[in-house]
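Single-structure report; data block below.
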Amino acid sequence: MGDVNALTGRYQLPCPATGSCGVRLSSFREIERLPGAAHPAVYRITFACACGDEHAALVGHDALDWAPLGLTEAGSYVNLMTSRADGLADELCSIASSNIGRGAWPWSFFCYLEDAPRPVTPSAFRLLAPVADALGLAVRCPACTSTSVNLVTPPHVDVPFHSDVRVGVLAHVFTEDELRTISEFRAELGAATFDEKRLHLDA
């Protein structure tokens, strides 16, 4: 159910044409939590594959939200300060802890209803669609449960702890029943105008 390589930022997902492919988070199109299991929760992912088609896959909650941070990454690296092989997971965990301790969350978005930036994890993403050289991102706010649409760069979602300084925000709050499909989302993005908001999370 979707292995993740934290160093490349790619999820290894099944492709009917090639067997498997490495997919960045920005290539996801829909993320839907399936009813039933809660520990871990399971998400149905639709993603744009390198073969040119869109496919579906199942990804567990831990793989979706935490594996990109490398907290369980196997392997080691040569620490140039000590000339010893150190565990990669230990180093990545230290980096993640240090960033979070300073108030920098791995992913963030701007909640239109609350008029404020909020920390988030990828399981809160609902729909993603490319728009020119940017990415339209519909996010369900974990605090107020409304859905906001941000316009971000691909690295904003692909690279943990890399947040755009400013994002585009669609001046509309969406309910759970709106934007149900990727085609509806693409149509909304095509007709939308975005306000620019500063994305800065207070430490």
Please tell me if Thr82 is part of a loop (DSSP other than H, G, I, E, B), more than 20 Å from His156 (Cα to Cα) and without any contact (Cβ under 8 Å) to a residue 40 or more places away in the chain.
yes
Counted residues in the range 1-18 being under 21 Å from Leu69 (Cα atoms) and either among the aromatic types (Phe, Trp, Tyr) or part of a strand (DSSP E or B) (or both) come to 7
Is it the case that the range 110-118 has a residue that's modelled with pLDDT under 80 and over 18 Å from the mean Cα position of the chain (by Cα)?
no
Which one of these is surrounded by 20 or more Cβ atoms within 10 Å (Cβ to Cβ), under 19 Å from the mean Cα position of the chain (by Cα), part of a loop (DSSP other than H, G, I, E, B) and not aliphatic (A, V, I, L, M): Pro142, Pro160?
Pro160
Looking at the range 87-108, which of its residues are more than 26 Å from Gly22 (Cα to Cα) and either modelled with pLDDT under 75 or in a helix (DSSP H, G or I) (or both)?
Ser97, Ser98, Asn99, Ile100, Gly101
Do any strands (runs of 3 or more DSSP E) entirely within the range 19-67 hold 2 or more residues that are at pLDDT 90 or above, buried (at least 19 other Cβ atoms within 10 Å of the Cβ) and within 12 Å of the chain's Cα centre (by Cα), and if so, which?
28-38
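The values are calculated or read from the model by the stated rules, or taken from the named source; none is laboratory data. Predicted model only: the values in this text are computed from it and were never measured. A quick note on method: Cβ atoms are made from the backbone with ideal geometry, for glycine too, and the neighbour counts reach across all protein chains shown.
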